[in-house]
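The values are calculated or read from the model by the stated rules, or taken from the named source; none is laboratory data. All figures in this text were calculated on a predicted structure; none of them were measured in a lab. Cβ atoms come from the backbone with ideal geometry, glycine included; neighbour counts cover every protein chain shown.
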Amino acid sequence: MWKRTRKKAISQDEETWISEHTVIDGNVLSQTHLRIAGKVNGDVTVNGDVSIGPNGSVRSIVTAHNVHNAGLIDGSVHVLGKLAITNKGRVHGEIAATSISISEGGLFNGTCLMTNADRSPTLDAPHRFTSSNSETARLV
């Protein structure tokens, strides 16, 4: 009578593009990988990977499995896996990630919380940082 449906894994072919001359004022929620060449002023929550191009920018919270940043993130980044900041990439804000790489020339200003697989933030409810001083930040 009722059939169980299995969640299909996201293939590398499935991705959503936000082109260079596009500005989104609002939140973006995607079940596929996302490439941002334009500007997003709002939360980005992706059940996949996010790639931000050299002219791309996000101003708010980015939550994804992995993030490759060659543009600008001004806000929080929550990744279950790896955050890669290229030599042209910039992050101003808070990071929670299992792994981080910053290429020479890449820029990160803010606070960072390294997580492990058991304590990674979930994609269902983005977490916010709280800080009691400039050196200590934690997820709540």
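Observations on the model:
- In this structure, Gly53 does satisfy being surrounded by 15 or more Cβ atoms within 10 Å (Cβ to Cβ), within 21 Å of Ala97 (Cα to Cα) and more than 12 Å from the chain's Cα centre (by Cα).
Let's see how each residue does on (1) farther than 17 Å from Trp17 by Cα; (2) of a type in the set (D, E, K, R); (3) modelled with pLDDT of 95 or more; (4) in contact with a strand residue (DSSP E or B) (Cβ under 7 Å, 6 or more places away or on another chain):
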{"residue": "Gly42", "(1), (2), (3), (4)": "no, no, yes, yes"}
{"residue": "Thr45", "(1), (2), (3), (4)": "no, no, yes, yes"}
{"residue": "Ser51", "(1), (2), (3), (4)": "no, no, yes, yes"}
{"residue": "Asn69", "(1), (2), (3), (4)": "no, no, yes, yes"}
{"residue": "His92", "(1), (2), (3), (4)": "yes, no, yes, yes"}
{"residue": "Glu104", "(1), (2), (3), (4)": "yes, yes, yes, no"}
{"residue": "Asn109", "(1), (2), (3), (4)": "yes, no, yes, yes"}
{"residue": "Asp118", "(1), (2), (3), (4)": "yes, yes, no, no"}
{"residue": "Ser132", "(1), (2), (3), (4)": "yes, no, no, no"}
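- Among residues of segment 20-45, those that are under 14 Å from Val77 (Cβ atoms) and without any contact (Cβ under 8 Å) to a residue 60 or more places away in the chain, counted: 4
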